Each structure stands twice: as C-alpha cells, then as structure tokens.
Amino acid sequence: MNKPRIRLPDSIKVGDIIEVKTLISHGMETGQRKDANAKIVPRDIIHSFTAMFNGRPVFQADLQPGISANPFISFQMRVGGPGEFEFSWVDDQGAKTVERTRLNVV
Amino acid sequence: MTRPRYLRLPVRRSLDRRDVIFSGVSVWAAAVAGPFAALAQEKSAEPAAWEAALKTITGGAPLAGGQITIDVPEIAENGNVVPFNIAVDSPMTDSDHVKAVHLFSTANPQPLIGSFRFFVETGRAVVSSRMRLARTQEVVALAELSTGRFLVARKMIKVTIGGCGG
C-alpha cells in the first residue's frame, strides 16, 4: 500500500462541520475474478478503515469486495477543537497502513 | 482534489413512492409500484440474497423511510467506480444517533457493499465512497439508529459497463 492521501478543508473553525477525504492505493481484488488460466484470483481487499481523533474513534468502515479499487472514503465531522487524526487501513494480508494528520483551527 | 459533482449536499425528500413501499410491502404495493413491481414480487418467493443480508442486521424489524438519503448517479458508465453518498438526518445525541449505515447491492455476487459506523462526538452521519456494480440495479441503504429503529432508502442505477470483470 502506498502512502495514503488525506484532504481537510482550509481554515477550519471550532464548530464547523468538515468533510474528511481519504484515498489509498489498493487493487481491492474481489475474489470473483479469474486469471488467464481460468484460476480464481484470491480475494485481497482492504476490509477495515478506522479514523480516530485525539485517540477516540470518529468513523469506522467495514469494506466488502463491492468497494472500488483505490478506495476513496470520506466522512463528515463537527470540529470541537484542534487535534490529531489517526487513520488506519487493514487489508486481507494483514498489512496495516497508518497515517497521522494534524487538524489546526483558526 | 476538486470537489466532485456527486459530493453535493443531498436534497431532502418528502414521503415518496419508495417510502410507501417500505411502509407496507404487500401485493398491493407491487401493483402500484410500477418499476419496483418485479422486486416486490420476488418477496413472495425465496427472499433475494440482499434481503436475507439485510434481515441479518434488522432481525426483521420494521423499516421506515425518510431521514436518510442516498445520492448516486442515475447512469453509471463504468460499473467499476460508481460514487455514492449516504446522509442520515439525525440529532446525533447519546439517546438518538446513527450507529451504522449499511449499503446493499440487489444484483452483485455479494449483496453487502460496506458498513459504516458513526459516533456521537462525530456529530454527523454522512459517508461517501465508490462502489462496484455488476449491472443495472437498485442499491439499498440501511441506517441503524440507537433507538432501535431502522431507516431505508433505495436508488436505481443504470450501469452501462458492469464492474465485476464481465
């Protein structure tokens, strides 16, 4: 998995509702597809995404093969103050990618 | 990233035909449902896979319409990447909040597309992502509330090129 991309709005104020956009590269192999030798390509997807803010969960997703490759996931959140996000993605191989992003308020 | 078109705020709908179907699934509903008639008729025979999957979450509890909107393109040219946005109108308080939203496909090999969990501190129950759709079909969004209620919304999507490798 490559370095994920996180997008927060510019100039966030306390009380704002913000949209947090995340994107990560992953083939999200469904386990339905056959290769050139008609053998099923085993499933390998990111099955879990978690967003924590200041150590508390703010959003969590259980993904199935019906989610597109290179999963884009966005959610909304009310801003109570500054802090740090910790995003994590876990795939079927057990590979975990963690990304931290600072949320600053003006 | 520029702001894609599908991320626009969902429009609140008043009670409509979909809500009516869910408020009382019956032969009568099938008769008046028009485009949904075929789906309603399936209920009389074996329940469809997506209905069974939905029931494992609801336990057969009644479903209500309204308060939940699902925003998808009417026509998806590429079934591999179909954007969706689901928003639930909720006060998000300790006593009344959205615990989770589940998205179902009615015609993919696997009915459940994803489950998204929300928290009181988050203050909102809105999620956007992209899904694969094998062919033209309806998708169904189910919201699980802390009050024990369940809300549903469904949308028909025309898929030009299917997204499950053929």
Handout entry: Candidate set from the stretch A:28-60 (those that are within 16 Å of residue B:130 (Cβ to Cβ) and in contact with a His (Cβ under 9 Å, 6 or more places away or on another chain)); member that is surrounded by the fewest Cβ atoms within 10 Å (Cβ to Cβ)
Key = A:45
Exercise for the section: Determine which member of the set B:82, B:159, B:88, B:126 is β-branched (Val, Ile, Thr), buried (at least 18 other Cβ atoms within 10 Å of the Cβ) and free of Cβ contacts under 8 Å to residues at least 60 places away in the same chain. Expected result: B:126
Practice task
Might you let me know whether the stretch A:16-27 holds any residue that is under 22 Å from residue B:89 (Cα atoms), of a type in the set (Val, Ile, Thr), facing chain B (nearest Cβ under 7 Å) and crowded, with 16+ Cβ neighbours inside 10 Å?
Solution key: no
Handout entry: Number of positions in the stretch B:49-81 that are among the aliphatic types (A, V, I, L, M) and over 14 Å from the mean Cα position of the chain (by Cα)
Key = 6
Exercise for the section: Scan the stretch A:61-78 and give yes if some residue there is loosely packed, with under 14 Cβ neighbours inside 10 Å, of a type outside the set (Lys, Arg) and at positive phi, otherwise no. Expected result: no
Handout entry: Residue ranges of strands (runs of 3 or more DSSP E) in the stretch B:63-162 with at least 1 members away from chain A (no Cβ under 13 Å) and out of contact with any helix residue (DSSP H, G or I) (no Cβ under 7 Å at 6 or more places or on another chain)
Key = B:68-71, B:75-78, B:137-145, B:150-161
Problem - The lone exception for residue A:101 - which of (1) more than 14 Å from chain B (Cβ to nearest Cβ); (2) under 18 Å from residue A:21 (Cβ atoms); (3) within 13 Å of the chain's Cα centre (by Cα); (4) without any contact (Cβ under 8 Å) to a residue 60 or more places away in the chain it fails - result: (4)
Exercise for the section: Using the structure shown, decide if residue A:93 is under 22 Å from residue B:107 (Cβ atoms), outside any strand (DSSP E or B) and of a type outside the set (Asp, Glu). Expected result: no
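Taking the stretch A:40-62 on its own, how many of its residues are at the interface with chain B (Cβ under 7 Å from one of its Cβ atoms) and either within 16 Å of residue A:77 (Cα to Cα) or not in a strand (DSSP E or B) (or both)?
Total meeting the criteria: 6.
Read-outs: derived from the displayed coordinates by stated rules, not from any lab. Everything numeric in this text was worked out from a predicted model, so none of it was measured. Note that each Cβ is placed from the backbone with ideal geometry, even for glycine, and that neighbours are counted across all protein chains shown.
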